[in-house]
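Following: one structure in structure tokens, then a few remarks.
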Amino acid sequence: MNLAITKKIVQYHFCNETHKKSDFDPLSSNKVSVRPKLPSITGSRFWAALLVFLFHSSLPSDLAPFADPTVEHIFTVTVAKAGWLGVSFFFILSGFIMVWSAKESDTVGNFYLRRFAKIYPTHFLTWIIAFIIGAISITQYKLWLSNLLLINTWFNDVHYFFVANRPSWSLCVEAIFYLCFPFLYKLTNAISKKHNLLALLIVILLAFIFQIYTYLQVEPNQMMRAFPISQNHFWISYIFPPSHIFEFLAGMYAARMLISGKTIMLAKSVSLALLAIVYICSMYVPFQFSMSVIFIIPVCLLITSLAGDDLKMKKTIFNSQTSVWLGEISYAFYMVHFLVLFYFLNLTNGNKYNLAEGTGLIVISLILTISCSAFLYKYFEVPMMKIILSRFRRTIAKSA
């Protein structure tokens, strides 16, 4: 898409005052128009969560229901990188969304409160459910306490990597993103918008340099049980929260480029094709590079393409009513899916099945995950957010 056209589309939604101020700071009193909603971005969150679900359903520790070695191999190879792609998509999307949805009247305290209200109650509930279904023992108090506090991935110990509700490891990363965002936003705003592309390229380059350096310099130790990488390399390059800061920054700069009207806007079909090519290539590069860094460029391009469709009011599968609804429950989906798979793994006693039965088991697991997610979103996630936000804000108002 022509950059001049892109700029006109963006300017249509933003007042002139916004574009005159290159130092916009949502955590100060600077004024800015409310940016339009991006339903395609919301819808895309479910498809990313679905990739993680399919990846986990292929792991022997989670489900892996197929008895035929050929069928199991085809399924496993097909979704082998799906989980890594899905999680990387979420990290990049977090940076993008937080920049795009920044509010002129926001404060650091309110920002932190909203993030806590959104993330922590569901984490706490699924943490309790993990105990109930036996995903972790009550005697392993150091493990479950570190997970409850979202600090378990700061320890270079394989027993801490995936604790209780295993997908919650990524919340440790998100927590650091949220903590640093107000300061990173001011830092990125110090760079002129005409240099956003250069800054994005530098961030991507630094991401590759970090992975190359750790790949060559970190001393390998015992191999991970499920992945072809040493525990030391796995921790420093993927589990350690600061290792994902480059994905977060890439998402932030992708949003800044779109806001400025100076962005690279590919057709969505081209972005998806590029992502598919990179996905295939990820199967043939060293494992450490296939977990996140290889996906940064195509994911940034895809997110920008999806946002462009919304700004042009173009109807697609990603901004359909169904996709948007699934996207709204995607956090609950992400937090529930492992518990459902773990339940079915125990229910079936780890038995293997033919193609039809194994596929049916995965489909049933998916349907149950969506159903539980919808229930959790409507009757727990949203109500808890409202309760926390209203009570804390009333307390703040009374003390003022």
Task: By average C-beta atoms within 10 angstrom, highest first, the peptides 365-374, 130-139, 331-340 - done: 331-340, 365-374, 130-139
Open item on the list: Can you sort 302, 355, 311 from fewest to most other Cβ atoms within 10 Å of each residue's own Cβ?
Closed with: 355, 311, 302
Open item on the list: Which one, 128, 70, 91, is farthest towards the positive end of the dipole of the chain when Lys and Arg carry +1 and Asp and Glu -1 on their Cβ?
Closed with: 91
- [ ] Using only Cα atoms, find the angle between the long axis of helix 268-281 and the longest principal axis of the chain, and express it within 0 to 90 degrees, rounded to the nearest 10.
- [x] 40 degrees
Task: Percentage relative contact order, the chain, counting C-alpha pairs under 8 Å, at least six apart - done: 30 percent
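To the nearest 0.05, what FRET efficiency results for residue 190 and residue 352 with a Förster distance of 51 Å applied to their C-beta separation?
Values: r = 56 Å, r/R0 = 1.11.
The pair residue 190/residue 352 has a calculated efficiency of 0.35.
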TODO: Assign unit charges at the C-beta atoms only (+1 for Lys and Arg, -1 for Asp and Glu), then state the dipole size of the chain relative to its Cα centre in Debye, rounded to the nearest 20.
DONE: 1620 debye
Task: Choice from 82, 273, 250 showing the highest fluctuation, given a GNM over the chain with Cα pairs closer than 10 Å - done: 273
Open item on the list: Please report the spacing between the Cα centers of the stretch 250-292 and the stretch 108-137 in Å, no decimals.
Closed with: 30 Å
Task: Amide H contacts of residue 66 (H built 1.01 Å from N, under 5 Å, at least 5 apart or other chain) - done: 353
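Dividing the alpha-carbon Rg of the stretch 66-169 by 2.2 N^0.38 Å yields what?
Details: Rg = 17.9 Å, N = 104, 2.2 N^0.38 = 12.8 Å.
Computed over Cα atoms of the stretch 66-169, the ratio equals 1.39.
Compactness ratio of the stretch 184-331: Cα Rg over 2.2 N^0.38 Å, N = residue count? Please list the in-between numbers first.
Values: Rg = 17.3 Å, N = 148, 2.2 N^0.38 = 14.7 Å.
The reported ratio for this selection is 1.18.
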Task: Cα gyration tensor shape of the stretch 316-355, rounded if a/c is under 1.5, else prolate or oblate by comparing a/b with b/c - done: oblate
Open item on the list: Looking at the chain as a GNM with Cα springs under 10 Å, which of 285, 87, 173 has the largest mean-square fluctuation?
Closed with: 285
Task: GNM result for the chain, Cα springs below 10 Å: residue of 45, 256, 35 fluctuating most strongly - done: 35
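Length gain on complete extension for the stretch residue 213 to residue 80, per 0.36 nm per residue less the alpha carbon to alpha carbon distance? The partial results should precede the final answer.
Values: separation 133, 0.36 × 133 = 47.88 nm, distance 2.47 nm.
The residue 213-residue 80 span can extend by a further 45.4 nm.
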Open item on the list: Placing one identical point scatterer on every Cα of the chain and ignoring solvent, what is log10 I(q)/I(0) from the Debye formula at q = 0.06, 0.14 Å⁻¹?
Closed with: -0.24, -1.39
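Laboratory data are not the source of any read-out in this text; all were calculated from the coordinates shown. Every value quoted in this text rests on a predicted model; they were computed, and no experiment measured them. All Cβ positions, even for glycine, are placed from backbone atoms using ideal geometry, and neighbour counts span all protein chains on display.
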